[in-house]
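To start, the structure under review is shown below, and the notes come after it.
The values are calculated or read from the model by the stated rules, or taken from the named source; none is laboratory data. Fair warning: this is a prediction, and the values are worked out from it, not measured in the lab. As a convention, Cβ positions derive from the backbone with ideal geometry for all residues, glycine included, and neighbour counts pool all protein chains shown.
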Amino acid sequence: MKRRIASVMSMPAPVGGWNAKDPIAQMGPRDAVILDNFFPLTTEVSLRDGSVDHATGIPATVETLMDYSAPTGASTIFAAAGDSFYNVTAPGSVGAAVQSGLSNAQWRSVNFSTPGGSFLYAVNGADDARLWNGTVWQSMNAGSVPAFTGVATNTLTHINVYARRLWFVQENTMKVWYLPVDSIGGAAQAIDFASLFNKGGYLMAMGTWTIDSGSGMDDHAVFFTSEGQVAVYQGIDPSTASGFVLVGIYDIGEPVTRNCFVKYGSDLLLICRDGVQPLSAALQSSRVSTKVSITDKIQQAMSEATGAYAASYGWQLQVFPEKNALILNVPVLGGQQQYVMNTLSGSWCRFLGWNASCFVQSNSKLYFGTAGKVIEAWTGSSDSGMAITGNALPSFQYHGGMVQKRYTMARPILTTDSPGIGVLLGLNLDFSISEPVGSPTFTPTTSAVWDVATWDNGIWAGGLTIRKDWNTVGGVGYCAAMFLKVQTSSAQLRWQSVDYVFEKGTGIL
């Protein structure tokens with residue numbers, strides 16, 4: 001009897017990212033059924049970086065983070081928690097509140113500069129608008145200096161800068177209010193869109209959208225309603241009909257909360273029930289197809305999340321250019337998780353372990369607010385000393401044909417800077433998505449610190465080394481995928497490929 005000859009096949013790490021749309025039996029070889037705490041780079045997959053406590057001792061959950069950028073380039077970070085604002089710029093335990101007696105901690109803010117200075121302006125729809133002038137906070141109302149008249153500022157719930165003016169959305173109305181050019185106060189004027197939108201509802205938010213009109217880049221004002229309609233205007237003088245012209249009204253998906261968009265290059269990315277959509281593409285499709293969504297590849301997960309938690313606070317888009325990442329914060333039962341996209345490749349993954357209620361970027365660093373503290377994210381190799389666990393299940397592949405195979409060995413090709421990382425493998429056959437039984441075992445390592453450790457006694461961190469150990473596996477099936485589970489609190493890890501050894505059967509059965 002002729003002995004079967006073992007075959008070897010190598011598959012790339014899932015740089016194509018998390019696929020939550022296609023049938024599990026038809027995914028490409030670079031996709032993943034599960035990709036948690038692994039970030040897909042363009043050439044390999046990396047275990048996500050960790051996080052470290054930045055500001056502690058806050059007596060409530062941080063629901064808003066605001067970054068003030070001074071003309072000198074220095075930044076000041078404020079956290080809204082409970083009924084107060086806290087200055088959380090410096091690491092360590094926070095001091096006394098810089099504002100207190102507030103109604104809630106869910107604020108929207110913008111930086112705005114005039115000939116008179118640079119300011120941080122914030123509204124929440126319940127308290128008077130707040131203005132930071134670089135030194136102190138003040139309430140903005142009819143009695144402030146400068147005065148803010150025409151509308152009660154405690155009814156203003158969203159804020160935007162357009163055409164050198166501050167614009168405000170009024171709570172539960174179709175009205176926007178705007179101030180004079182280059183002004184932080186004055187007599188606010190209203191525009192009422194009640195007769196413009198035929199689906200009713202109320203205004204959710206306003207944004208500034210930059211597009212190429214054919215003769216150069218032009219800014220447009222866009223107004224989003226709760227019913228999924230958007231009005232686009234062009235012009236710089238809203239006091240005249242010729243100076244502020246309606247471009248069009250479009251139907252898109254219903255926005256998810258007031259923190260529903262982020263500036264992304266010249267475009268706007270909008271979180272709606274149809275996914276995360278570039279405004280430029282959404283207006284062209286007019287909701288005919290959800291494939292304009294950049295979350296199309298994870299649309300099933302996105303639809304389930306918006307269907308269950310659309311009304312929950314915590315939805316937010318955060319761009320983090322330093323890591324080529326777009327972070328979508330998703331509130332779920334019992335906490336938050338993040339859907340994270342590589343902005344170079346468009347590949348997605350999911351982050352677990354960051355219970356973030358809000359994000360902000362300041363001085364090229366990423367921070368998030370959570371219960372009682374502000375945390376710096378995407379730094380280090382642990383979550384404030386806690387191990388990071390990564391789970392990945394690449395797509396199932398038939399490895400040479402639709403015949404049964406007996407798999408005998410597998411190995412992931414990994415690059416790491418420390419032996420302090422645990423790896424647990426499982427061979428999943430014929431579309432089983434169960435995790436391997438057991439826990440990765442590892443020993444945290446402590447590297448020496450230059451100018452602190454004792455010479456000849458400290459253990460110095462080494463360079464990146466390749467781990468390519470074969471692991472014995474067993475199982476008979478038509479297709480297979482290797483479930484990779486890793487855990488570490490002290491190491492970096494990158495994943496290049498997976499090798500399989502198997503024997504082919506002689507027929508289908």
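Here ASP128 meets each of (1) under 30 Å from GLY228 (Cβ atoms); (2) surrounded by 20 or more Cβ atoms within 10 Å (Cβ to Cβ) with one exception, condition (1). Condition first: farther than 19 Å from ARG130 by Cα, β-branched (Val, Ile, Thr) and surrounded by fewer than 22 Cβ atoms within 10 Å (Cβ to Cβ). Can you find one or more residues in the range 154-162 that meet it? Taking every residue of the range 154-162 in turn, none turns out to be farther than 19 Å from ARG130 by Cα, β-branched (Val, Ile, Thr) and surrounded by fewer than 22 Cβ atoms within 10 Å (Cβ to Cβ). Within the range 316-333, being assigned to a strand (DSSP E or B) and either touching a helix residue (DSSP H, G or I) at 6+ places or on another chain (Cβ under 9 Å) or within 19 Å of GLN277 (Cβ to Cβ) (or both) holds for GLN316, LEU317, GLN318, VAL319, ALA325, LEU326, ILE327, LEU328, ASN329, VAL330, PRO331, VAL332.
Evaluated against (1) out of contact with any Phe, Trp or Tyr (no Cβ under 8 Å at 6 or more places or on another chain); (2) modelled with pLDDT under 95, ILE421 falls short on exactly one condition, (1). Listed by position, the strands (runs of 3 or more DSSP E) enclosed by the range 64-117 that each have at least 3 residues that are more than 22 Å from LYS263 (Cβ to Cβ) are 84-87. Can you tell me which residue is nearest to GLY253 (Cα to Cα) among those in the range 190-231 that are part of a loop (DSSP other than H, G, I, E, B) and modelled with pLDDT under 90? Top of the filtered list is SER213. On inspection, SER195 does not qualify as surrounded by 15 or more Cβ atoms within 10 Å (Cβ to Cβ) and among the small types (Gly, Ala, Ser). Surrounded by 13 or more Cβ atoms within 10 Å (Cβ to Cβ), at pLDDT below 80 and at negative phi - does that describe any residue in the range 458-473? Within the range 458-473 (the criterion being surrounded by 13 or more Cβ atoms within 10 Å (Cβ to Cβ), at pLDDT below 80 and at negative phi), the answer is yes, since at least one residue qualifies. The set of residues in the range 181-204 that are in contact (Cβ under 8 Å) with a residue 60 or more places away in the chain and among the aliphatic types (A, V, I, L, M) contains only ILE184.
Look at the range 241-269 and say how many of its residues are among the hydrophobic types (A, V, I, L, M, F, W, C) and outside any strand (DSSP E or B).
Adding up the residues that qualify gives 5.
Residue by residue, here is whether (1) surrounded by fewer than 23 Cβ atoms within 10 Å (Cβ to Cβ); (2) free of Cβ contacts under 8 Å to residues at least 24 places away in the same chain; (3) within 17 Å of ASN428 (Cβ to Cβ) holds:
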{"residue": "VAL8", "(1), (2), (3)": "yes, no, no"}
{"residue": "PRO12", "(1), (2), (3)": "yes, no, no"}
{"residue": "TRP18", "(1), (2), (3)": "no, no, yes"}
{"residue": "ILE24", "(1), (2), (3)": "yes, no, yes"}
{"residue": "THR42", "(1), (2), (3)": "yes, no, no"}
{"residue": "GLY57", "(1), (2), (3)": "yes, no, no"}
{"residue": "PRO91", "(1), (2), (3)": "yes, no, no"}
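Restricting attention to the range 326-374 and to residues that are among the polar types (S, T, N, Q) and more than 24 Å from GLY265 (Cα to Cα), the residue that is surrounded by the fewest Cβ atoms within 10 Å (Cβ to Cβ) turns out to be ASN355.
Note on the range 375-394: residues that are under 22 Å from GLN318 (Cα atoms) and in a loop (DSSP other than H, G, I, E, B) amount to 6.
On the basis of being under 23 Å from VAL33 (Cα atoms), modelled with pLDDT of 70 or more and in contact with a Pro (Cβ under 8 Å, 6 or more places away or on another chain), does LEU429 make the cut? No; evaluated as a whole, the condition is false for this residue.
Filtered by the rule that a residue be aliphatic (A, V, I, L, M) and more than 29 Å from the chain's Cα centre (by Cα), the range 175-210 gives LEU179, VAL181, ILE184, ALA187, ALA188, ALA190, ILE191, ALA194, LEU196.
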